Amino acid sequence: MKFQGSCHCKAIQFEIEAPNEIEVEDCNCSMCSKAGFLHLILPLEHFKLLCGEEYISTYTFNSGVAKHTFCKKCGVKPFYTPRSNPDGIDVNVRCLDTKPTTINVVKFDGQNWEDNAHKVAHKSQVKNQ
């Protein structure tokens, strides 16, 4: 199914393809706990930026692998390139304007990222149907 999403001011708009029942991670790392990000990691081909590329600002820290993207106008972080899945995209489910019917939230211990990253590594892989 296709779902629409955006930042708060709607300068950045996107579309994703995902099932109507999803599992998302609630991470306790320093970045996610402050931002309130609920992670839906997808293969990059299941994401389409509809508009707003010129409003995207990028922040990196630590290893520099994760590309944390924010709206320059409203400051919201609707999606980013995750360190755990640099070949995919991580969408903040809270930024979806249309949402899957069932959202299962699981805790993810990002404070101990090195010990737990393998638990989400498969999520950016395209599943054969």
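A short reminder: the numbers here are calculations on the coordinates, not readings from a lab. These numbers were taken from a predicted model, which means no experiment stands behind them. FYI the Cβ positions are ideal-geometry reconstructions off the backbone, even for glycines, and counts take in every protein chain you see.
Each residue of the stretch 116-127 is assigned a 3J(HN,Hα), and the resulting list reads 10, 4, 4, 5, 10, 4, 6, 5, 8, 8, 6, 8 Hz, derived from the Karplus form 6.51 cos²θ - 1.76 cosθ + 1.60 (θ = phi - 60°), x at Gly and Pro.
Would you mind checking Lys77/Lys119; Lys2/Lys34; Lys99/Lys123; Lys73/Lys99; Lys48/Lys99 for any pair whose Cα atoms are more than 20 angstrom apart?
Working: Lys77/Lys119 23 Å; Lys2/Lys34 28 Å; Lys99/Lys123 18 Å; Lys73/Lys99 24 Å; Lys48/Lys99 16 Å.
From Lys77/Lys119; Lys2/Lys34; Lys99/Lys123; Lys73/Lys99; Lys48/Lys99, over 20 Å: Lys77/Lys119; Lys2/Lys34; Lys73/Lys99.
Where both residues lie in the chain, what percent of DSSP beta bridges are antiparallel, nearest 5?
On the way: 25 of 32 bridges.
Approximately 80 percent, going by the DSSP bridge assignments.
Projecting the Cα atoms of Phe108, Ile12, Leu42 onto the charge dipole of the chain (Cβ charges, centred on the Cα centre) puts Ile12 farthest toward the positive pole.
Is there a quick way to get the dipole size of the stretch 6-129? I mean about its Cα centre, with the Cβ of Lys and Arg at +1 and of Asp and Glu at -1; what is the value in debye to the nearest 20?
Details: 14 positive and 15 negative charges, 74 e Å.
With Lys and Arg at +1 and Asp and Glu at -1, about 360 debye.
With 10 angstrom as the radius, rank Tyr59, Tyr80 by how many other C-beta atoms surround their C-beta, starting from the fewest. Working shown, then result.
Values: Tyr59 12, Tyr80 23.
So the ranking, lowest neighbour count to highest, is Tyr59, Tyr80.
Of the residues Ser63, Ser124, Gly52, the one whose Cα sits farthest toward the positive end of the charge dipole of the chain, with +1 on the Cβ of Lys and Arg and -1 on the Cβ of Asp and Glu, is Gly52.
The phi torsions of the stretch 39-46, fed into the Karplus equation with coefficients 6.51, -1.76 and 1.60 and a -60° offset, translate into couplings of 8, 10, 8, 10, x, 4, 5, 9 Hz, rounded to whole numbers, with Gly and Pro shown as x. Exposure proxy for Asp90, Asp109: other Cβ atoms within 10 Å of each Cβ, ordered fewest to most, give Asp109, Asp90. For Ile89, nonlocal amide neighbours, meaning residues 5 or more places apart or on other chains whose placed amide H falls under 5 Å from its own, are Leu42, Leu44.
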